[in-house]
Amino acid sequence: MRTWLWTLLLVVVAVCVAVVLRQHPGNVLLMITPWRVEMSLTMALLTLVALFAALYVLLRLLGWLLAIPDRMRAWSGRRAQARDQELVEQGWIGLLEGRYAQAEKDFAKLQGQTRSATRRVLAALSAARAAHNMGEQARRDLMLESARTGAGQDAHLQEAVAAVAADLWLEQGQAQRALDALAPLQDGGARHLHTLRLLLRAEKALDHHDRVFALTRSLSRRHAIEKSEALQLIDQSGAARLRAGTGDGNDSWRGVWKELKSEERTLPNIALAAAAALDQAGEGSEAGRVLEAAIGDRFNPTLVSVYAHCQADQVPRRLARAETWLQQRPADAGLLMALGLLCLNGQLWGQAERYLQRSLARRDDPQCHALLGRLYDRLGRPQDAMRHWRLATEAGVVLPVLAADTVLPPAETQADPDPYHADGVYDLPPVGPRTLPADPAPLPVPPAVDYVIEPDARERLDRARPADEPPAAIPPRSAINIEDFFDSAPIPAAAFESTVTQAGEAGAMPPSDAGPGHHPHTEKKG
């Protein structure tokens with residue numbers, strides 16, 4: 001549109017000039033010594049226009065020639081920028097595809113050839129990400145240090161370097177190092193959502209519950225975190241703050257409790273921690289109300305189990321409230337067991353038995369069996385108590401299955417030494433001097449005696465044996481010298497030639513010349 005306006009204006013000016021020149025004819029005389037030039041007015045105007053156009057073209061040509069170096073520099077810059085852009089695209093495509101080695105090479109090449117400080121820092125950070133994904137921590141840290149040096153005093157580049165470094169260190173599990181890198185950004189850069197998320201990850205890994213609580217609330221207000229995740233973090237950190245304020249008689253948990261919103265007080269872990277703190281402070285009724293509000297908001301088996309543990313004076317109120325929950329959830333085994341526990345605390349034996357039996361009918365729970373065993377023990381029914389305690393053990397522990405026909409072999413008692421007591425004498429009747437025969441006769445073989453694991457195992461073994469199969473024979477044992485029994489401290493043969501007294505006989509004393517390994521005995525003076 002502008003071109004058409006200028007064209008129209010030139011046409012109008014030309015027409016006006018032509019009309020004026022036609023109405024005012026004349027000559028133009030130029031006196032240039034020694035020349036004298038005379039021409040018409042029209043010719044003079046056309047000559048001026050031609051000279052102006054020639055001068056304009058000449059000046060534009062001269063300016064174009066003088067601008068050649070600048071244009072060459074601009075062209076070279078555009079070409080270098082295109083090469084850098086191509087390397088950036090190739091590197092990030094490789095990084096996103098998982099070809100980390102090639103991506104690192106592209107970024108290293110870009111870092112070495114680019115003339116832009118910003119692209120140099122960008123290439124170093126991207127190469128650090130690729131090296132981190134390959135597990136090359138040394139090269140990653142080298143690239144991060146190069147990016148930090150290249151950032152200089154640029155605030156935006158410094159924030160970018162700190163955020164990338166913290167993200168990589170968090171992925172490696174170095175939360176404290178990441179927190180130190182983010183420390184300069186907590187004032188100016190904390191307004192960025194990405195920085196807040198990184199700070200939250202670092203504080204959560206270091207169990208800084210106060211900071212986790214504050215950061216989660218800040219992100220939740222700005223809708224930068226999922227509501228379910230925010231509630232979970234607030235639940236965990238808030239409960240930890242409450243537990244930290246209850247130690248050593250400290251009441252600082254009350255201030256934490258006042259800071260919580262109404263919807264936060266009904267979270268499961270927070271409600272459990274608050275109820276424990278109130279019970280410890282002797283406020284059982286308030287603890288019950290806290291648990292009731294949490295259970296009413298979202299039914300939780302753990303909250304119901306804790307709600308059932310209370311003092312006897314709290315039983316009627318809690319039992320009535322739990323029965324209202326049972327009307328809504330009549331088949332809940334955990335709620336039935338909690339009602340049984342409440343009845344046990346209130347010594348309502350029959351009602352407790354009914355609730356516990358109903359709970360067992362829906363779920364085989366070891367704790368329910370143990371509660372029934374405790375109930376039957378109180379009622380004087382030991383057989384039923386033992387049966388449920390055994391069932392509680394079997395429900396909670398996988399017991400080995402023993403074979404029905406497993407029996408132990410008979411004990412070998414023929415080669416046993418004489419009974420010996422700690423008072424230094426043998427428990428034998430007084431006998432005269434004896435000596436060991438040179439070739440002792442074989443000892444009589446006692447009848448076979450089976451020792452079984454269970455009382456009826458022997459009977460089951462006999463029933464399983466064919467009728468025509470004879471019982472297993474016990475091989476006879478050869479005579480064993482008593483000196484061979486004590487391999488480490490044998491009894492000298494001379495000891496058997498002396499008379500052995502009864503245990504506890506007056507004047508019985510061990511000989512004074514007993515050597516090492518010799519069992520003490522007493523001798524009668526002949």
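Assorted remarks:
- Accessible surface calculations at 1.4 Å, restricted to protein heavy atoms, place the stretch 235-353 at 46 Å² per residue.
- Inter-label distance for ASP180 and ALA74, nm, one decimal - labels placed 7 Å from Cα along Cα-to-Cβ: 4.9
- Of all accessible heavy-atom area on the stretch 220-301, the percent that carbon and sulfur account for (1.4 Å): 45
- The simple spin-label model puts a point 7 Å past each Cα toward its Cβ; for HIS194 and ARG83 those points are separated by 2.8 nm.
- Table column - 3J(HN,Hα) (Hz), the stretch 363-380, Karplus curve with 6.51, -1.76, 1.60, x for Gly and Pro: 7, 7, 10, x, 5, 5, 4, 5, 5, 5, x, 5, 5, 5, 5, 5, 7, x
- Of the solvent-accessible surface of the stretch 64-184, computed with a 1.4 Å probe and all protein chains present, 55% belongs to carbon and sulfur.
- Theoretical FRET efficiency, 1/(1+(r/R0)^6), r = Cβ-Cβ of HIS156 and ALA67, R0 35 Å, to 0.05: 0.55
- Shown is the FRET efficiency for THR118 and ALA244, computed with R0 = 45 Å from the Cβ-Cβ distance and rounded to the nearest 0.05: 0.50.
- Accessible area per residue, Å², the stretch 18-165 with all protein chains present, probe 1.4 Å: 69
- Between ARG222 and LEU379, the contour length at 0.36 nm per residue exceeds the Cα-Cα span by 50.5 nm.
- In loop segments of the stretch 192-273 as defined by DSSP, the GluC sites (Glu not before Pro) with at most 13 further C-beta atoms inside 10 Å of their C-beta are GLU226.
- A simple spin-label model places the labels of GLN280 and LEU10 9.3 nm from each other, with each point 7 Å out along Cα-to-Cβ.
- Of the whole protein surface, VAL19 contributes about 70 Å² of accessible area at a 1.4 Å probe radius.
- Of the trypsin sites (Lys or Arg not before Pro) in the stretch 51-154, the ones in a loop by DSSP (not H, G, I, E or B) with at most 11 other beta carbons within 10 Å are ARG115.
The values are calculated or read from the model by the stated rules, or taken from the named source; none is laboratory data. The shown structure was predicted, so the numbers you read here are calculated from the model rather than taken from an experiment. No Cβ is skipped: glycine too gets one built from the backbone with ideal geometry, and neighbour counts run over all protein chains shown. The area values use the complete protein model at the heavy-atom level, side chains included, leaving out ligands, DNA and RNA. Shrake-Rupley method; radii C 1.70, N 1.55, O 1.52, S 1.80 Å.
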